[in-house]
Amino acid sequence: MLNKIATIYFMRNMQIIFLLSLFQFTVMACAAPGVIINPPGYDLSRPKIYKMPSVLEEISGIALNHGKTDTVYAEQDEEGKLFYFGLGDATVKHCKFSKRGDYEDVAISNGQVIMLRSDGVFFTFALGEIAGKEAGNVIEQAGLLPAGEYESLYADDNQHTLYTLCKNSSADKEAGVVSGYIFLMAADGKLALKDRFSINEKAIADLAGKERPRFKPAAMAKNPLTGQWYILSSVNKTLLVTDAQWKPVNTYPLAPSLFTQPEGIAFDNAGNMFIANERGNGDAGTILQFTYNKKIPGSK
């Protein structure tokens, strides 16, 4: 009898221990910070980190010329200057192109520099102008975009086209979309609207698997290996990937510990991905390099 009671007592204790362990594991799994889900070929948890000098604490856009990494072109959202440097350089050079303002992204294409201000105004000038302290023959182009807030820019060298996404507008909020615009770019840097497109916000939310605030893009680039669009949202701490026709394919959460304030993205010719972060709560702005490795499978 005593053996039977002891056995029952032991089994009940084991059940309690098992349930407590399961509960603890579940809580830890649900609450674990910095969980990484990777797009195929990239490990978002293991970047090479380049710290920016103090002048680029507010780095808000980056671009490469012809996909080459010998020079990175960047701007920050306070001064009307184009910055350029090599990855790992302790100092950077700059060329002034306009007065102070909220500049959000930069693109380099066919010998032209294109700057985007948050109110949708474009500034273009010849890349050769950066040899001086101040660019000449800068073309300021306003009124090409509807009223709204804009932060993302991408230039296609082969098609002589420029792409931008609206971060926020009352029209997009009502329609439940993220609107995009495609411009033809002339040799002198002048732009003309070619087409427009949209990304369905419900499709983005469905991929994320839960209700989220409106998706607000901060930067965009085309992956040269897949033709897919990679779109950053700093507000949502999300990387959205769409197909070539802007249909959402996947969303990937970005760990705040690494992605303090992701505002810029670019790819080199080998498919390596570079993401620029404003300082945020960190001690410096950064550029994170994610080396492409086809052996890294996607987790979603």
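General remarks:
- Residues that are of a type in the set (A, V, I, L, M, F, W, C), crowded, with 18+ Cβ neighbours inside 10 Å and either without any contact (Cβ under 8 Å) to a residue 24 or more places away in the chain or outside any strand (DSSP E or B) (or both), drawn from the stretch 103-131: V121, L127, I130
- Which numbered condition T69 fails, given (1) β-branched (V, I, T); (2) more than 18 Å from I287 (Cβ to Cβ); (3) part of a strand (DSSP E or B): (2)
- Close pairs from the stretch 182-211: first farther than 18 Å from Q141 by Cα and part of a strand (DSSP E or B), partner of a type in the set (K, R) and modelled with pLDDT of 95 or more, Cβ under 9 Å, at least 6 apart: I199/K247; N200/K247
- Among the residues here, T260 qualifies as part of a loop (DSSP other than H, G, I, E, B), within 18 Å of F215 (Cα to Cα) and either modelled with pLDDT of 95 or more or in contact with a Gly (Cβ under 6 Å, 6 or more places away or on another chain) (or both).
The values are calculated or read from the model by the stated rules, or taken from the named source; none is laboratory data. Because the structure is a prediction, the values reported are computed rather than measured. Positions of Cβ are backbone-derived with ideal geometry, glycine not excepted, and every protein chain shown enters the neighbour counts.
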